[in-house]
Amino acid sequence: MKIQKILNILTLLTGAIAVTVTSLWIGKQAYSWLPPQAAAESLLIDDLISFLVTLGAFIFLGVTSTLMYSVIFHRAVKDDFTDGPPIEGNIALEVVWTAIPILLVLWIAGYSYQVYEQMGIQGPSELVHLHNPLGMESAYAEAKDTPALAEPVEKIDVLAKQWVWVFHYPERDITSTELHLPSDRRIRLALKSQDVLHGFYIPAFRLKQDIIPNHAIDFEFTPIRPGKYSLTDSQYSGTYFATMQANVIVESPEDYQQWLAQTATQKPSLATNQAASEYAQTSNQSVQTGWVTVPPAAPPLVNSPG
Ligand SMILES: [Cu+2]
């Protein structure tokens with residue numbers, strides 16, 4: 001009897017260690033499932049995702065391995081149709097399995113909030129303050145003291161409309177349909193929408209922000225990896241919403257300055273606009289659906305049509 005108990009504890013211990021080690025390994029794999037880490041914020045988000053995957057893997061493996069163990073080693077013998085032992089509640093067990101999930105949820109909430117605070121992305125602060133006057137104010141005040149925000153900031157205006165992104169660089173007063181960004185510089189975007197709700201989403205930066213009409217939303221981040229990424233609209237904004245994509249080019253500050261200077265010498269020209277050309281095509285079609293759609297905004301005049 002004694003030996004049986006020791007064996008049971010050993011089995012449980014071995015199982016728990018195997019599940020923990022496997023979960024930690026799966027959590028490490030999570031990094032490779034995601035796009036390149038092109039902004040400082042993506043490092044924080046990916047750590048959070050890895051943590052959540054580790055936790056999820058631990059619960060999944062813990063539950064399934066217990067189930068498999070019971071099915072394999074505690075099968076009823078053939079022709080045994082008797083009932084199992086009548087177990088009527090267990091206060092200690094119920095307290096434990098209620099307390100553990102509560103603590104886990106609080107841990108996830110605390111960690112997520114901390115990541116959001118560290119990112120210091122600003123967002124629609126005046127709207128957030130309106131709905132949550134106590135919670136957010138201190139977070140923003142604190143974020144202003146972090147060294148990331150004390151760095152020189154590159155300001156760019158982003159205008160979203162049906163269905164095109166237009167970027168304006170106030171420093172040189174130039175516009176483009178491709179978003180150029182210097183790497184390792186704090187970027188501050190002023191997000192504006194001319195018509196409806198749009199969503200600013202760069203998966204490689206792990207950043208997403210709704211753009212609300214009639215509100216300029218400050219949005220901050222730091223690109224860290226030169227390369228070409230894509231910006232997509234994360235909110236359904238009408239018929240040609242799928243065409244609302246733009247290239248994001250992260251380059252060294254020297255290349256960025258060179259691009260600004262070179263673009264400043266170019267006369268504004270009409271940008272190619274997929275939404276406008278698709279709309280023009282449908283009006284030439286012989287079969288008319290009769291469905292009305294919002295006509296796309298006129299293609300913008302930009303210094304760099306991309
Ligand atoms: Cu849109």
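The values are calculated or read from the model by the stated rules, or taken from the named source; none is laboratory data. All values derive from a computational prediction rather than experimental measurement. Reconstructed Cβ throughout: ideal geometry from the backbone, glycine too, with neighbour counts over all protein chains shown. Just so you know, the surface numbers come from the protein's heavy atoms only, side chains and all, with ligands and any DNA or RNA stripped out. Shrake-Rupley method; radii C 1.70, N 1.55, O 1.52, S 1.80 Å.
Within the range 232-288, if we keep just the residues that are touching a helix residue (DSSP H, G or I) at 6+ places or on another chain (Cβ under 9 Å) and of a type in the set (D, E, K, R), the residue that is least open to solvent (accessible area, probe 1.4 Å) turns out to be Asp233. Within the range 160-182, residues that are in contact (Cβ under 8 Å) with a residue 40 or more places away in the chain have Cβ atoms under 7 Å from residues that are of a type in the set (Asp, Glu) and in a loop (DSSP other than H, G, I, E, B) in these pairs: Lys161/Asp195; Gln162/Asp195, counting only partners at least 6 apart in sequence or on another chain. Within this structure, Ile217 fails the test of being within 21 Å of the chain's Cα centre (by Cα) and within 21 Å of Val294 (Cβ to Cβ). Scanning the range 61-78 for residues that are assigned to a helix (DSSP H, G or I) and of a type in the set (Gly, Ala, Ser) yields Gly62, Ser65, Ser70. Scanning the range 186-214 for residues that are away from the ligand (no atom under 15 Å from the Cβ), assigned to a loop (DSSP other than H, G, I, E, B) and surrounded by fewer than 17 Cβ atoms within 10 Å (Cβ to Cβ) yields one hit, Asn214.
The combined condition, being hydrophobic (A, V, I, L, M, F, W, C), within 16 Å of the ligand (Cβ to nearest atom) and farther than 14 Å from Glu251 by Cβ, is fulfilled by Leu159. Checked against (1) of a type outside the set (D, E, K, R); (2) at pLDDT 90 or above; (3) surrounded by 15 or more Cβ atoms within 10 Å (Cβ to Cβ), Pro170 meets all criteria but (3). Between Ser42, Ser32, the distinction of being within 18 Å of the chain's Cα centre (by Cα) and exposed (fewer than 15 other Cβ atoms within 10 Å of the Cβ) belongs to Ser32 only.
Within the range 242-280, the residues that satisfy the criterion of being modelled with pLDDT under 90 and within 9 Å of Trp163 (Cα to Cα) are Asn273, Gln274, Ala275, Ala276.
Return the residues of the range 159-185 that are under 28 Å from Ser277 (Cα atoms), outside any strand (DSSP E or B) and touching a helix residue (DSSP H, G or I) at 6+ places or on another chain (Cβ under 6 Å); say none if nothing qualifies. Answer for the range 159-185, where residues must be under 28 Å from Ser277 (Cα atoms), outside any strand (DSSP E or B) and touching a helix residue (DSSP H, G or I) at 6+ places or on another chain (Cβ under 6 Å): just Trp163. Summed over the range 129-141, residues that are part of a helix (DSSP H, G or I) and either open to solvent by 70 Å² or more (accessible area, probe 1.4 Å) or modelled with pLDDT of 90 or more (or both) total 3. Taking the stated definitions as given, is Lys144 in contact with a helix residue (DSSP H, G or I) (Cβ under 9 Å, 6 or more places away or on another chain) and either at pLDDT below 90 or closer than 18 Å to Glu251 by Cα (or both)? Yes; evaluated as a whole, the condition is true for this residue. Does Arg225 satisfy the criteria of being in contact (Cβ under 8 Å) with a residue 60 or more places away in the chain, among the basic types (Lys, Arg) and either more than 16 Å from the ligand (Cβ to nearest atom) or at negative phi (or both)? Judged against the criteria, Arg225 is a match.
Could you look through the range 192-214, keep only residues that are polar (S, T, N, Q) and more than 18 Å from the chain's Cα centre (by Cα), and pick out the one that is modelled with the lowest pLDDT? Steps first, please.
Taking the range 192-214 first, the residues polar (S, T, N, Q) are 193-194, 209, 214.
Now restrict to residues that are more than 18 Å from the chain's Cα centre (by Cα): 193-194, 214.
Numbers: Ser193: 94, Gln194: 92, Asn214: 87.
Ranking the qualifying residues of the range 192-214, first place goes to Asn214.
Here Ile59 meets each of (1) surrounded by 13 or more Cβ atoms within 10 Å (Cβ to Cβ); (2) touching a residue at least 24 places away in the same chain (Cβ under 8 Å) with one exception, condition (2).
Has the range 77-90 got any residue that is within 30 Å of Tyr113 (Cα to Cα), without any contact (Cβ under 8 Å) to a residue 60 or more places away in the chain and open to solvent by 60 Å² or more (accessible area, probe 1.4 Å)? Before the answer, list the steps.
Initially, the range 77-90 is screened for residues within 30 Å of Tyr113 (Cα to Cα), giving none.
The answer is no; no qualifying residue exists.
When the test is whether a residue is aromatic (Phe, Trp, Tyr), part of a strand (DSSP E or B) and open to solvent by 40 Å² or more (accessible area, probe 1.4 Å), Tyr229 does not pass it.
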